[in-house]
Structures are given as C-alpha cells and as structure tokens.
Amino acid sequence: GTPDHWHQQISVDAMRAGKHVYCEKPMIHGILEGPAVIKAQQETGKIFQVGSQGVSSLGNEKAKQLLKEGAIGTLNYAEGFWARHSPTGAWQYPIPADASKANYLDYGTGMAGDLFVHLFSSLHYITNSYGPNKIYSSGGLRYWKDGREVPDVLLGTFDYPESQAHAAFNLSLRCNFVDGTSGTTYLKLVGSEGSMDVTWDNVTLKRNKTTESDDPFFIEQMKKAGTPVSDRKRILAPEEYTFEAEKGYLGGPYDHFVNFFNAIRNGGKITEDAIFGYRAAAPALLCNDSYNQDTAILWNPEKMQLVKK
C-alpha cells in the first residue's frame, strides 16, 4: 500500500526474503518494471497477489460463467467507467511544503493506473483475455487546474485481438474526477445476443427480443420457467435477469483477501498473480503514454512487450 513507485522494489525484495506478498494495484509504476516481479514470483515460488479488490467478487464470477455459457453470444464490445461525484471524493490530500505538484508522475500513475486498472482486471478475469494490442487515450484538466501533470477527465479506447479465449472486440473506458451524477464503478459487456452490466455484487443480463429455439441458454431458462420449448422461432418480450449476491455478502475485497490467504494456507490458485497483474497494469500505464505523446501505443499482450511502429 505504498506510492506506486515502490511497488516493484518492495514486492521483489519481499519475495526474495521469503515473504508472501499482497501488492496494491497497479502492480508497477513503469511499463518496464513488470518482468522483474514476474521473475521473482516464479523463482521464489511465493504467493503473490495484486490487490485489484473486486476481481474475486461474486459479480465477476457470475459474469465469467454467463459469458462462457453463451448468455450474450459473441463478445464484440465492452465499456467501463469509474467516477468521483464531487470534489471531496477525489482524494484531495495536502501536499507537503517541500514537495512539488509538478512531480506527480514520479510517484503515481494518474487515473489510469489508479482506476482504469480495476476495470482491466475485472474484464480480463471475466473474458480470460491477455489484454489489448492497441491503446489510445485523450482527456484534459477540466476542474483541478492546480498544476498537476495528469488529467482529471480521461477517455481510453482499446483494440483487443482475437485469441483462443475470445473473438476480437473493442473496449471504451472513461474516468471523471468531478462527476456530478454517478460516482460509481461500472462495466458493460456487449455481445451478439445480449449484454451484461457487471458490478462486484450483481450482474444484470439483457437478452435480445428474438432468439433461436436451439439457443441452449434460452432453452435452459424456459425449462426453469416451466415453459415448453417448440422447434419454432419465438417472438419474445425483452428479457432481463438480475443476479444479486445474497444478503450478508462481505464483498469483493473480502473475497480477494480470502483468495490470498487460502492460497498461502492450502497451496491454492491465486486469482491475480504477477502475470495477470502486469497484463492489467500495462494498458493502464500506456494510457498515460498515449495521452502525453498524443498517439496510439501498440502492445503485444501475449508476450507483454511494446511493439515499435
């Protein structure tokens, strides 16, 4: 839970000292720091979990299941946003007298590293994706005009290539540090037959009005409802299903810590290891590069390497 520029060094040193590590997101501060953390985890065999808290949530698990079952057909587009609905919600901490507002990027990673990385992490968990191969971002300082180096409104667009896990699709992300209405986190997955709105606690599935009678998801839902399924196409009312966590659910952050503790105690599988953490952090950090350079950035998500144009 240190400033971002310490994440790599502390993680590597701790693992090489024989310690298991739970590291705040983003896993790294700079795009070239990821391989050292991956190498340390692989060579030491220690449990290493990146703390994008909601990744292990019931909402993400249900969305992953629904996507795999074909509930929205073939994924072709996703979008997400994270906002702060008032100036008091933007984590405005006093800056020490001997510090400089102009050196923010020496320590932090802006809204992309702080908030986009959550959305990348959840999306990659749900889709089993390695990440995008093209990153472009834009934005600006619209409210916090105090000399900072990073925008307070940030938009990102991303191309995801076809892989064994999914068809090619596009992603749109946005952050607003003075959002007047929402102030929440939100991820939508859109497919050829429907869409899902995903939070850590629930998933709302919306289906197309017309459905082929041999659609396995439709057939299963009709069986549950006691409705006979004919061999003809049907005209359906808009379908919407909301899956909510049971009352008393302790939430995604709790689940993520439990995953970490169980992996230590029982040798279980970590949800967000160093490779996963790097693949989530890299496109977020590259948003900053794209914004500052005013250009699209090419990235190889499988090899986890920058691609020269």
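The values are calculated or read from the model by the stated rules, or taken from the named source; none is laboratory data. As the structure is a computational prediction, the values presented were derived from the model and not from experiment. Cβ: placed from backbone, ideal geometry, glycine included. Neighbour counts: every protein chain shown. Side chains included, ligands, DNA and RNA excluded: accessible areas come from the protein's heavy atoms. Shrake-Rupley method; radii C 1.70, N 1.55, O 1.52, S 1.80 Å.
Would you mind computing, in nm to one decimal, how far apart the modelled labels at residue 106 and residue 141 are, each placed 7 Å from Cα along Cα→Cβ?
If labels sit at residue 106 and residue 141, their model points lie 1.7 nm apart.
List the residue ranges in the chain for DSSP H helices whose C-alpha atoms run 24 angstrom or more along the long axis and whose Kyte-Doolittle average is -1.0 or above. Write out the running numbers ahead of the final one.
Working: long enough: 274-293 (27 Å, 0.12).
TM-like helix candidates: 274-293.
Using the Cα centre of the chain as the reference point, and only Cβ charges (+1 on K/R, -1 on D/E), how large is the resulting charge dipole? Debye, rounded to the nearest 20. Can you show the working numbers first?
Working: 31 positive and 35 negative charges, 52 e Å.
Roughly 240 debye for the chain.
In whole percent, and with a 1.4 Å probe on the protein chains, what portion of the accessible area of the chain is carbon and sulfur? Before the final figure, lay out each step's value.
Working: 7930 of 15630 Å².
Within the chain, the accessible surface is 51 percent carbon and sulfur.
At 1.4 Å probe size, put 158, 243 in order of accessible surface, largest to smallest.
Values: 158 0, 243 60 Å².
Largest to smallest exposure gives the sequence 243, 158.
Which whole number of Å³ per residue matches the convex hull of the alpha-carbon atoms in the chain? Spell out each step's value before the answer.
On the way: hull volume 50.0 nm³, N = 309.
Per residue, the Cα convex hull of the chain comes to 162 Å³.
Can you tell me which of 131, 156, 18 moves the most in a GNM of the chain? Springs connect C-alpha atoms under 10 Å apart.
Ranking 131, 156, 18 by mean-square fluctuation puts 18 first.
At 7 Å along Cα-to-Cβ for each site, give me the label-to-label distance between residue 298 and residue 9 in nm.
Using points 7 Å along Cα→Cβ, the separation is 3.4 nm.
Calculate, for residue 240 and residue 16, the FRET efficiency according to 1/(1 + (r/R0)^6) with r their C-beta to C-beta distance and R0 45 Å; round to the nearest 0.05.
Working: r = 51 Å, r/R0 = 1.13.
Efficiency computed from Cβ-Cβ geometry: 0.35.
For 125, 160, 143, what's the largest-to-smallest order of accessible area, 1.4 Å probe?
Values: 125 40, 160 5, 143 115 Å².
Largest to smallest exposure gives the sequence 143, 125, 160.
Compute the accessible area per residue over the chain, keeping the other protein chains in place, probe 1.4 Å, unit Å². Mind dumping the intermediate values first?
Values: 15630 Å² over 309 residues.
On a per-residue basis, 51 Å².
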